[in-house]
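The values are calculated or read from the model by the stated rules, or taken from the named source; none is laboratory data. Keep in mind that this is a model prediction, so the values were computed, not measured. Positions of Cβ are backbone-derived with ideal geometry, glycine not excepted, and every protein chain shown enters the neighbour counts.
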Amino acid sequence: MATANEDGGTVEDLKMYRPPQNEEPNVQFEEIINRLRTSFNAPGLGGGGALLIVGGILILSLFIWLGTGFYTVGPDQQAALRTFGEFQRFENEGLHWHFPAPIGTRNVISVTTTRQLELGFRSGDDGNSTPRSVADEALMITGDENIVDVQVVVQYRISSLRDFLFSVDDPGDPDRNISSGQPDGSTLRDIAETAVRQVVGARNIDDVLTTEKEQVQTDVLLKMTELTDFYSTGIEIQNVLLQNVNPPQQVQAAFEDVVRAREDRETTINLAQAYEASRIPQAEGQAAQIVEAAQAFRDGRIAKAQGEADGFLAILEGYRDSPEVTRRRLFLEAMEEILPGIDKFILSNGSDVLPFLPLDGSSPSLPAAAAAAAAAGGGS
């Protein structure tokens with residue numbers, strides 16, 4: 001059913017209105033308002049019906065707007081809530097509601113996930129492509145004024161969400177898709193570069209390339225922790241890993257020759273030390289054996305001398321008690337030593353024949369003694 005309006009047209013004419021082809025539409029704001037007013041005053045609706053529709057639309061819009069305030073916080077996440085830009089509280093895991101925008105603002109961020117910063121290089125997005133070097137970050141001067149190419153991976157996590165969101169204003173890092181306002185963008189990269197340059201600049205190139213890599217990592221970790229705490233970034237540095245530490249490409253071959261020469265030197269030193277370790281115990285054992293033999297010889301000589309001295313003292317004591325007997329006994333012992341292995345007889349007072357009994361306890365045969373006595377009697 002067509003209904004006339006104030007402009008002389010009908011409602012159907014208004015609904016079917018289309019701008020002319022090939023002409024620019026020129027609709028005035030007042031004209032749109034008038035047409036909407038005419039539509040709400042159409043028969044069958046009345047003024048109260050139009051208000052009811054408008055009220056229903058507003059109520060439905062309100063419910064939809066309030067429904068956008070529901071949000072979910074994951075097990076590894078934490079939500080920071082703000083009302084009119086002012087921080088209110090934190091919410092942990094679960095389903096929550098907060099005033100939706102523009103009244104309320106919420107930031108739901110993972111706080112337990114370990115994140116990674118690459119310094120001196122950029123790996124591929126798929127993880128399989130060859131990393132590309134970033135010379136402005138990687139090249140630095142050592143303490144002995146050599147240039148070295150250092151590539152570092154920094155692992156970190158969020159320790160304080162409030163400091164992470166509100167304490168540092170950061171321009172972000174497009175290479176890692178870090179948006180502005182989060183301190184793990186340019187701020188963290190500058191902290192890492194400062195710490196690495198300071199630690200490397202305090203050491204010789206040999207220490208950085210070979211012997212003190214572990215100490216360099218530890219010192220960089222401590223320095224970064226100090227700086228992140230100083231700036232209240234809300235970031236905890238978990239680990240610092242040196243990926244590649246090389247001399248510049250132009251002199252890398254010469255440095256590799258030097259490294260190989262040092263390795264050969266260390267190998268030779270180790271072999272010499274092993275030979276020393278095997279020979280010294282052997283020589284010490286031989287020396288101990290000689291010392292023990294000499295000690296035994298010395299002890300034997302001392303004991304023998306002590307025995308002879310004790311014997312001489314015993315003879316002296318006997319001589320003092322019985323000089324004649326001792327003198328005769330000494331004579332007989334001397335004859336025993338001078339004439340060993342034969343039978344000996346002692347003539348006493350020119351006629352008595354006494355056999356000389358050796359000290360070993362053996363006795364001469366009687367026939368031999370009788371023959372000697374007979375010969376002695378015939379001769380006299």
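The table that follows gives values for the structure above.
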{"quantity": "Meets criteria (surrounded by 12 or more Cβ atoms within 10 Å (Cβ to Cβ), among the polar types (S, T, N, Q) and under 27 Å from T130 (Cβ atoms)) for Q238", "calculated": "yes"}
{"quantity": "Failed criterion for L209 (all others in (1) assigned by TED's automatic domain parsing to the domain that holds V154; (2) of a type outside the set (D, E, K, R); (3) surrounded by fewer than 14 Cβ atoms within 10 Å (Cβ to Cβ); (4) modelled with pLDDT under 90 hold)", "calculated": "(3)"}
{"quantity": "Meets criteria (surrounded by 12 or more Cβ atoms within 10 Å (Cβ to Cβ), assigned to a helix (DSSP H, G or I) and out of contact with any Lys or Arg (no Cβ under 7 Å at 6 or more places or on another chain)) for E137", "calculated": "yes"}
{"quantity": "Filtered residue count, region 162-182, keeping only those that are buried (at least 19 other Cβ atoms within 10 Å of the Cβ) and in contact (Cβ under 8 Å) with a residue 12 or more places away in the chain", "calculated": "4"}
{"quantity": "Residue tally, condition polar (S, T, N, Q), within 21 Å of L161 (Cα to Cα) and outside any helix (DSSP H, G or I), over region 220-271", "calculated": "4"}
{"quantity": "Failed criterion for T267 (all others in (1) more than 30 Å from Q182 (Cβ to Cβ); (2) touching a Lys or Arg at 6+ places or on another chain (Cβ under 8 Å); (3) at pLDDT 90 or above hold)", "calculated": "(2)"}
{"quantity": "One residue from R176, R197, R203 being among the charged types (D, E, K, R), closer than 27 Å to I141 by Cα and touching a helix residue (DSSP H, G or I) at 6+ places or on another chain (Cβ under 8 Å)", "calculated": "R203"}
{"quantity": "Close pairs from region 300-318: first without any contact (Cβ under 8 Å) to a residue 24 or more places away in the chain and not assigned by TED's automatic domain parsing to the domain that holds L330, partner part of a helix (DSSP H, G or I) and of a type in the set (F, W, Y), Cβ under 6 Å, at least 6 apart", "calculated": "none"}
{"quantity": "Residue within region 53-73 that is polar (S, T, N, Q) and either within 30 Å of V150 (Cβ to Cβ) or over 45 Å from the mean Cα position of the chain (by Cα) (or both) present", "calculated": "yes"}
